[in-house]
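Input: a single structure, listed below in structure tokens.
What follows is calculated from the coordinates using simple rules that are stated; it is not laboratory data. Not measured: the values here are computed from a predicted model. Cβ placement follows ideal geometry from the backbone for every residue including glycine, while neighbour counts extend to all protein chains displayed.
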Amino acid sequence: MNKSMLCILLVCAAANLMPGASYAQSSATTMATPPDLPNAGLSANLGVVSDYVFRGVSQSSGDPAVQGGADYRHASGFYAGTWASNVSWPTDFGLYSNGRAEWDFYGGFKQALRGSTGLTYELGTRYYYFPGSRNKGAFDLNTWEVHAGLGWKWASAKWSYTVSDDSFGVRPRGDKSRGTWYLDVSAAYPIADTRLSVIAHYGYLRVSNDGSGPFKASYGDWKLGIAYQLPDGWMKGLEIGAYYAGNNAERAFYTDLAGYNTARGRSVAYVRKTF
């Protein structure tokens, strides 16, 4: 069996897109995944990113993506929402014949801890849905995760755990990848007297029943960048940013059928508006 056929059977979604997916970092300050939830009420978000990077891996093979969603949050802390983006990896890896989209559904509870600690906690769930026609021999890409998180001012940590049979269709040894988890530690540090923030992230993906050598799907990823929010006018709240994302993923496992390495390091620019 050649490398291309192995990639068809083993590849994970880069994602998030991811995030879309798929494996990507989740930072409220980038378009890699949907932004943080607003205050109580209904809101929407729309953005464009030069490359949809989810958990350190490109979901759009280096091409731009249009992304957007809607959220509702109750004053009690309960929230629900949906988010979508164009992607290319399901077809690029030969898993789908016409899969070019990611559509996420999520909900949970997020609230501040009592007292003046500045700490918040979150419990939630997210379902990653990839519409399209699955090719024969490809595993199910749709993925259901649960997560728990803690936040403090400009820093946050979140642990996500896969409860569906497979995590983005990944089976490095042919066994189901239920139990795959991802740890995300992120920060958006505001620079005093400016509307600039330094954004940073480190994440680690641990794939259940992982392979070894070129068939190892687990990896660590990181990013560093800067973001700016416009203060005035009809574009108030518009966020513009850029960052560099890297990882130590196995190149062979994340290279698509055309020879494109979705896990290579890359620079990403984005613009996003919340309404």
| In the range 42-143, with Lys and Arg counted as +1 and Asp and Glu as -1 at Cβ, which of these residues, Leu113, Asn142, Val87, has the Cα nearest the positive end of the dipole, that is, farthest along it? | Leu113
| query | When Phe109, Phe93 are ordered from fewest to most other Cβ atoms inside 10 Å of their Cβ, what list results? | reply | Phe109, Phe93
| task | Would you list, by chain and number, the aspartates and glutamates whose Cα falls below 20 Å from the Cα of Lys153, excluding same-chain residues fewer than 8 positions away? | result | Asp36, Glu122, Asp184, Asp193, Glu239
| field | Fraction of alpha-carbon pairs over 18 Å apart in the range 173-275 - percent | value | 61
| Leaving out same-chain residues fewer than 8 places away, which aspartates and glutamates sit with a Cα under 13 Å from that of Lys176? | Asp140, Asp165, Asp166, Asp210
| query | When Rg is the radius of gyration of the Cα atoms in the range 111-260 and Rh is its Kirkwood radius, what does Rg/Rh come to? | reply | 1.04
| request: Sticking with the crude label model, points 7 Å out along Cα→Cβ, report the distance from Phe109 to Arg178 in nm, one decimal please. | output: 2.5
| message | What number do you get for the range 51-151 when its Cα radius of gyration is normalised by 2.2 N^0.38 Å, N = residues? | response | 1.31
| query | Quick one: Phe130, Phe54, fewest Cβ neighbours within 10 Å first, how do they rank? | reply | Phe130, Phe54
| Using helices alone, what [θ] at 222 nm do you get for the chain, with -39,500 (n - 2.57) per DSSP H run of 4 or more residues, divided over all residues and rounded to the nearest 500? | -1000 deg cm²/dmol
| field | Scaled radius of gyration (Cα, divided by 2.2 N^0.38 Å) that the chain gives | value | 0.96
